[in-house]
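Notes for the one structure printed next.
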Amino acid sequence: MDKSKRSFRRRLPPIQPGDQIDYRNMSLISRFISEQGKILSRRINRLTLKQQRLITIAIKQARILSLLPFINNEKHFERNESTTRTSSSRTKTK
């Protein structure tokens, strides 16, 4: 198959023209946040620069107003015993 004859599926833009980019629009904002609560990059989101800036501002406003968490605490990370220090390992030997 020639490269010129290949068909490709065009991706739909993640933000439709009628969508309001606002800190109250949680269904829209939550699509642009990772599982850890981080803001996804423009390359992953496939947004324009202007849209990414507006999304970032909306996410930050929602975090400040406690509508979104700063970090996602669903998974409680447990430290390994090898990484935790005990007081017995710090005792001085004379």
Over all directions, region 9-79 yields a Cα convex hull whose mean projected area in nm² is 6.2 nm²
Label-point separation in nm, residue 25 to residue 43, each point 7 Å along Cα→Cβ
2.6 nm
HN-Hα J couplings of region 56-62 from phi, Karplus 6.51/-1.76/1.60, θ = phi - 60°, integer Hz, Gly and Pro as x?
4, 5, 5, 5, 5, 5, 5
Return the sequence-ordered ³J(HN,Hα) values of region 18-24 in whole Hz as given by the Karplus equation 6.51 cos²θ - 1.76 cosθ + 1.60 applied to θ = phi - 60°, using x for Gly and Pro.
x, 5, 8, 8, 8, 5, 7
Can you work out the Karplus-derived ³J(HN,Hα) for every residue in region 36-52? Use 6.51 cos²θ - 1.76 cosθ + 1.60 with θ = phi - 60°, whole Hz, and x for glycine or proline.
7, x, 8, 7, 6, 6, 4, 5, 6, 6, 6, 9, 7, 4, 5, 5, 5
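Values quoted throughout were computed directly from the atomic coordinates according to the rules given, and no laboratory measurement underlies them. The structure displayed is predicted, hence computed values, not measured ones. Positions of Cβ are generated from backbone atoms using ideal geometry, with glycine treated the same way; all protein chains shown enter the neighbour counts.
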